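Colleague: Would you mind keeping the following structure in view while I ask a few things?
The values are calculated or read from the model by the stated rules, or taken from the named source; none is laboratory data. Remember, predicted model here, so these are calculated numbers, not experimental data. Here the Cβ is made from the backbone with ideal geometry for all residues, glycine too, and neighbour counts use every protein chain on show. Ligands, DNA and RNA are stripped out before the accessible areas are found, and what is left, the full protein with its side chains, is counted by its heavy atoms. Shrake-Rupley method; radii C 1.70, N 1.55, O 1.52, S 1.80 Å.
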Amino acid sequence: MPTVVEIPREKWTGRVREVTLGATTAQGGTRAKTVTVGGEGTLPFLHFDGAIPHPPALAVEIKDRKPDDWSPLLYEVWGEAMDDPGDWAHAAEVAGADLLILTLSLTTADGKPNTPENARAVVRKVLKATGLPLAVLGPGQAERDNELIVPVAEEAKGERLLIGVCEDKNYRTIVAAAMANDHLVSSKTPMDVNLAKQLVILIHDMGMPLERIIMDPTTGALGYGIEYGYSVMERLRLAALQGDSMTQQPMIVTPGEEAWKAKESKVGEGVPESWGDWKRRALNWETLTASSLIHAGADVVVLRHPETLARVKDMAANLMKAR
Amino acid sequence: MALTGLQIYKLLPQTNCKECGQPTCLAFAMKLAAKQAELKQCPYVTEQAKAQLEAASAPPIRLVTVASDGVKIEAGNETVLFRHEKTFYHKPGLFIRVKASDGVEAIKAQVSKASAYVVDYVGIKLGVDGFAVEAPGDGAGFAAAIGAVREASRKPLILIARDPDVMAEGVKAAQGITPLLYAADETNWPKMVEAAKSARAPLAVRAESLEILATLTADIKKAGLEDLVLDPMARGYGESLTALTQIRRLALKKNFRALGHPVITFPGEANADEMVLAAQHIAKYAGFVVLEAFDPATAYPLLVLRQNIFTDPQKPIQVQPGLYEINSPNGDAPVMVTTNFSITYFAVNNEVEGSGWPGWLVVADAEGMSVLTAWAAGKFDAERIAKAVKNFNVEGKANHKRLIIPGQVAVLSGELEEALPGWEIMVGPKEAVDLPGYLKVMWKQKQGA
């Protein structure tokens with residue numbers, strides 16, 4: 001007689017909100033498709049406890065111009081496409097991205113400050129080059145973000161872009177621009193459950209519907225504080241499932257940016273031999289950072305290397321198969 | 001699950017004989033619950049009550065030890081499902097599979113390379129934990145392979161054989177150490193239990209469903225073997241996440257003894273990316289992970305991930321605040337400041353050290369947080385930085401008054417110039433990796449000026 005095993009199941013009362021990025025022509029935009037994330041009624045991939053309507057969306061990060069300080073491995077793989085944001089966007093779509101993240105640089109290639117005109121032109125170009133939903137993020141300095149993102153929001157009115165970066169000290173201008181032009185916002189806070197929740201409340205208080213907020217809880221790369229981001233995400237997701245409404249936003253994280261900053265990925269010379277083959281190690285670094293955060297509840301994952309994208313995509317597809 | 005004093009009291013004789021030294025049985029029960037007394041102090045407790053009390057005080061996931069030559073790998077004794085609830089205690093052992101069919105010489109070469117592997121991560125030396133030797137069809141070949149592995153490495157072993165007679169030969173060859181024997185199944189378990197008993201070694205048990213697995217472990221425990229490790233044979237990404245989560249939940253939430261054991265996984269046996277699946281197993285509940293081959297480019301990230309996930313969330317790894325010397329600086333060398341979070345410190349230190357620049361590094365007490373987190377929490381502000389610069393007598397070491405602060409806290413420069421009169425505050429790069437380039441350009445400029 002086999003032993004009876006009664007699996008303990010969780011009866012969650014809460015559920016993550018569904019957020020849709022991008023708008024098709026019928027919806028007032030020009031995107032060929034939209035991407036919906038969130039909606040989970042269970043912890044990551046525990047299908048036996050509840051429904052998981054959408055796989056994690058995998059985004060590729062592109063920039064408005066060829067970046068100055070990325071790893072040689074990234075220049076090698078994207079090649080000439082990096083010289084033109086439209087070509088780069090197209091290459092990322094071909095590589096299999098679900099959506100694109102366009103980050104604007106502080107300066108143009110000749111070292112002069114980036115301009116609203118340039119930002120508008122680049123966004124226009126990228127929207128033409130690809131049918132994927134798009135996120136556009138500023139360089140991460142409050143004043144410059146506002147100066148560049150507001151015109152972008154106007155230029156792409158109705159496209160349901162995800163725009164940012166909304167931070168504790170600088171969110172009003174970008175939220176207002178998103179509300180006026182039918183976009184979504186990314187709410188970014190430094191690895192803390194309460195700060196994440198608080199900023200969602202502040203943004204929502206301005207009148208932004210919760211269906212248009214994605215939160216970025218911030219992460220560190222593998223070896224550089226990933227455990228903090230990982231646990232903050234697990235705690236946020238548990239709170240969401242337990243019914244804490246202001247933690248029920250889908251989460252976006254940037255393992256690509258974080259992992260490629262790490263020396264382990266970035267450089268191949270002057271590092272210990274025990275780190276192993278540079279290219280394999282670098283790709284493993286980005287892949288493990290991303291795969292671990294997906295297990296902690298990430299809904300949108302921003303990557304930089306197409307091989308990582310393929311590996312993470314295969315994992316996500318397999319995790320989505322219900323038993 | 002620990003019993004309360006009242007629950008224990010019900011199992012005691014309730015005669016208040018005082019022979020245990022306590023005035024009443026209830027008082028003794030309270031002492032037992034608080035672990036301030038031992039059950040053997042009661043001369044009249046029944047055998048049945050003893051068994052019940054011992055079972056209840058056992059940890060929900062049994063601690064299993066694999067050992068050799070003074071090296072111990074422990075798995076089990078975990079108490080939570082999420083690391084933030086307390087901490088994960090025992091890092092899963094990472095073992096490399098070695099096939100006897102490869103031949104003695106190839107095995108020696110393979111094993112000595114992996115065994116000697118050491119990689120430094122924030123000052124901690126990391127390496128693989130041992131080897132999983134897979135038997136060929138015959139016992140003699142198995143013994144030869146085990147001998148070859150032992151010659152090349154003193155690390156603990158897992159012995160893989162499905163035929164109990166072959167396993168028995170392996171056990172003989174591994175005499176003197178405590179390997180994990182893999183594995184008992186529905187057909188071979190009685191003889192595998194004999195092999196494990198003769199080796200005084202833990203035994204892995206494999207079955208395709210949790211029901212069969214639980215039935216098997218119950219039978220094996222009846223046969224007198226308690227040190228068991230589980231293989232639920234759930235090989236894919238989704239299957240293993242489900243099975244390992246269910247096993248951990250059953251143990252912790254239901255105190256389900258039949259599955260209250262550590263789990264062994266073989267991520268390379270799935271139709272999956274071995275490293276990605278191994279990473280899942282590290283974060284989600286494996287006790288032993290067997291990798292198909294050794295490659296530093298894979299081992300290093302997995303070892304770092306394991307270190308990160310098993311860091312106690314209540315205690316960030318900190319370095320002592322103070323003034324640190326890099327590359328024997330003199331009075332002209334640049335002065336930089338950062339926080340005492342170990343990863344931040346090592347990132348900055350490694351970059352500057354690697355660049356060959358001499359420098360003074362002021363490590364401020366930011367309660368073990370990284371720059372941005374500490375700044376957000378008010379633990380890395382102008383006041384704290386100024387205090388560190390003054391307390392660590394930077395002015396006595398450097399013959400200039402220029403302080404480089406992390407680019408992430410550029411906003412502090414104004415306040416800092418007020419808090420440190422006479423000092424020039426220079427805003428450094430946001431990332432440690434860009435420090436060498438910054439020093440080359442910005443610091444040289446200042447020196448020239």
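Colleague: Rounded to the nearest 10 Å², what accessible area does B:Trp423 have for a 1.4 Å probe in the complete protein model?
Modeller: Solvent-accessible area, nearest 10 Å²: 10 Å².
Colleague: Tell me, what HN-Hα J-couplings in whole Hz come from the Karplus equation 6.51 cos²θ - 1.76 cosθ + 1.60 at θ = phi - 60° for each residue of region A:254-262, using x for Gly and Pro?
Modeller: Working through the residues one at a time gives 10, x, x, 4, 5, 5, 6, 7, 5 Hz.
Colleague: Please check which bits of region A:221-236 a label hung off A:Asp244 would reach, taking the label as a point 7 Å along Cα-to-C-beta and the cut-off as backbone N under 18 Å.
Modeller: Label zone hits: A:228-236.
Colleague: Under 20 Å from a point 7 Å along the Cα-to-Cβ line of B:Gln7: which residues of region A:1-31 have their amide N that close?
Modeller: A:6-9
Colleague: I've got another one for you. Over chain B, what is the relative contact order in whole percent, taking alpha-carbon pairs under 8 Å and six or more residues apart?
Modeller: Computed value for chain B: 11 percent relative contact order.
Colleague: Using helices alone, I'd like the mean residue ellipticity at 222 nm for chain B: each DSSP H run of four-plus residues gives -39500 (n - 2.57), total over residue count, nearest 500.
Modeller: -12000 deg cm²/dmol
Colleague: Report the full-extension gain for the segment B:Glu395 to B:Lys446: residue separation times 0.36 nm, less the Cα-Cα distance, to one decimal in nm.
Modeller: Between B:Glu395 and B:Lys446, full extension yields an extra 16.6 nm.
Colleague: What nm value, rounded to one decimal, do you get for the distance between B:Thr46 and B:Ala109 when each label is placed 7 Å out toward the C-beta?
Modeller: 6.7 nm
Colleague: Show me, for region B:152-157, the HN-Hα J-couplings you get by feeding each phi into the Karplus relation (A = 6.51, B = -1.76, C = 1.60, θ = phi - 60°), rounded to Hz, glycine and proline as x.
Modeller: Along region B:152-157, the couplings run 8, 8, 9, 6, x, 10 Hz.
Colleague: What residues qualify as long-range amide H neighbours of A:Gly140, i.e. H under 5 Å apart, gap of 5 or more or another chain, H built at 1.01 Å from N?
Modeller: Here A:Asp145, A:Val165 satisfy the definition.
Colleague: Compute the relative contact order of region B:5-57 as a whole-number percentage, counting only Cα pairs closer than 8 Å that sit 6 or more residues apart in sequence.
Modeller: 36 percent
Colleague: Quickly estimate the mean residue ellipticity at 222 nm for chain A, helices only: each DSSP H run with n ≥ 4 gives -39500 (n - 2.57), and the total goes over all residues, rounded to 500.
Modeller: Value at 222 nm, helices only, nearest 500: -12000 deg cm²/dmol.
Colleague: Among B:116-122, B:246-252, A:195-201, what's the highest-first ranking by average C-beta atoms within 10 angstrom per residue?
Modeller: B:246-252, A:195-201, B:116-122
Colleague: Separate question: Can you spot the aspartates and glutamates whose alpha carbon is less than 19 Å from B:Lys50's alpha carbon? Ignore those fewer than 8 places along the same chain.
Modeller: In chain and number order, the partners are B:Glu19, B:Glu38, B:Glu226.
Colleague: Straight distance only, please: which lysines reach the Cα of A:Lys11 with their own Cα at less than 27 Å, same-chain residues fewer than 8 apart left out?
Modeller: Cα-Cα hits under 27 Å: A:Lys197, A:Lys321, B:Lys86, B:Lys253, B:Lys254, B:Lys284.
Colleague: Now a separate question. Sequence-distant or interchain residues sharing an amide H contact under 5 Å with A:Asn114, placed H: which?
Modeller: A:Thr107, A:Thr108
Colleague: If I stretch the segment between A:Asp168 and A:Glu211 completely, what's the gain in nm (0.36 nm per residue apart, minus their alpha carbon distance), one decimal?
Modeller: Length gained, A:Asp168 through A:Glu211: 13.5 nm.
Colleague: Work out, in µm²/s and without decimals, the Stokes-Einstein translational diffusion coefficient of chain B at 25 °C, 0.890 mPa s, Rh from Kirkwood over C-alpha pairs. Intermediate values should be presented prior to the final figure.
Modeller: Details: Rh = 25.7 Å.
Calculated translational D: 96 µm²/s.
Colleague: Round to a whole angstrom and tell me the spacing of the C-alpha centers of region B:203-255 and region A:205-223.
Modeller: The distance from the Cα centre of region B:203-255 to that of region A:205-223 comes to 38 Å.
Colleague: Please express the Cα-Cα pair-distance distribution P(r) of the protein assembly as shown as a list of whole percents, one per 10 Å bin, running from 0 to the bin with the greatest distance.
Modeller: Values per bin, smallest distances first: 3, 13, 20, 22, 19, 13, 7, 2, 0, 0.
Colleague: Ok, one more. Which listed residue (B:Ala299, B:Cys42, B:Val71) has the Cα farthest towards the positive end of the charge dipole for chain B, taking +1 on Lys and Arg C-beta and -1 on Asp and Glu C-beta about the Cα centre?
Modeller: Of B:Ala299, B:Cys42, B:Val71, it is B:Cys42.
Colleague: Each label point is 7 Å from the Cα along the Cα-to-Cβ direction; what then is the distance between the points at B:Glu74 and B:Asn327, in nm?
Modeller: 4.3 nm
Colleague: What would the Debye equation give as log₁₀ I(q)/I(0) for chain A at q = 0.06 Å⁻¹, counting only Cα atoms as equal point scatterers?
Modeller: Listed by q, the Debye log ratios stand at -0.20.
Colleague: Per residue of A:3-16, count partner chain C-beta atoms within 10 Å of its C-beta, then hand back the mean as an integer.
Modeller: Numbers: counts 13, 3, 14, 3, 9, 8, 2, 2, 0, 0, 0, 0, 0, 0.
Partner-chain Cβ atoms within 10 Å, mean over residues of A:3-16: 4.
Colleague: Step through the table entries B:Lys315/B:Lys397; B:Lys125/B:Lys315; A:Lys169/B:Lys430; A:Lys188/B:Lys91; B:Lys315/B:Lys379; A:Lys313/B:Lys430, compare each Cα-Cα distance with 22 Å, and write down the pairs that go over it.
Modeller: B:Lys315/B:Lys397; A:Lys188/B:Lys91; A:Lys313/B:Lys430
Colleague: Ignoring everything but the protein chains, give the 1.4 Å probe accessible area of B:Ser209 in square angstrom, nearest 10.
Modeller: Roll a 1.4 Å probe over it and B:Ser209 shows about 30 Å².
Colleague: Moving on to the next point. What whole-number distance in Å separates the alpha-carbon centres of region A:227-255 and region A:152-174?
Modeller: So the separation of the two Cα centres works out to 22 Å.
Colleague: Taking amide hydrogens as modeled 1.01 Å from N in the peptide plane, which residues meet the under 5 Å criterion relative to B:Val98, leaving out close sequence neighbours?
Modeller: Amide H neighbours of B:Val98, under 5 Å, 5+ apart: B:Ala132, B:Val133, B:Glu134.
Colleague: For region B:78-84, take each phi angle, set θ = phi - 60°, evaluate the Karplus expression 6.51 cos²θ - 1.76 cosθ + 1.60, and give the result in whole Hz per residue in order, putting x for glycine and proline.
Modeller: Listing the rounded values in order: 7, 10, 9, 8, 10, 4, 5 Hz.
Colleague: Would you compute, for the Cα atoms of region A:154-282, the largest minus smallest coordinate along each principal axis and list the three values in descending order, in whole Å?
Modeller: Sorted from largest, the Cα extents of region A:154-282 read 54, 39, 23 Å.
Colleague: Quick one: check the C-alpha center-to-center distance for region A:269-309 versus region B:18-71, whole angstrom.
Modeller: 48 Å
Colleague: Here's something else I'd like to know. Among the lysines, which fall within straight-line cross-link reach of A:Lys66, defined as a Cα-Cα distance under 17 Å, with same-chain neighbours fewer than 8 residues apart omitted?
Modeller: Once the sequence-local lysines are set aside, what remains near A:Lys66 is A:Lys112, A:Lys125, A:Lys261, A:Lys266.
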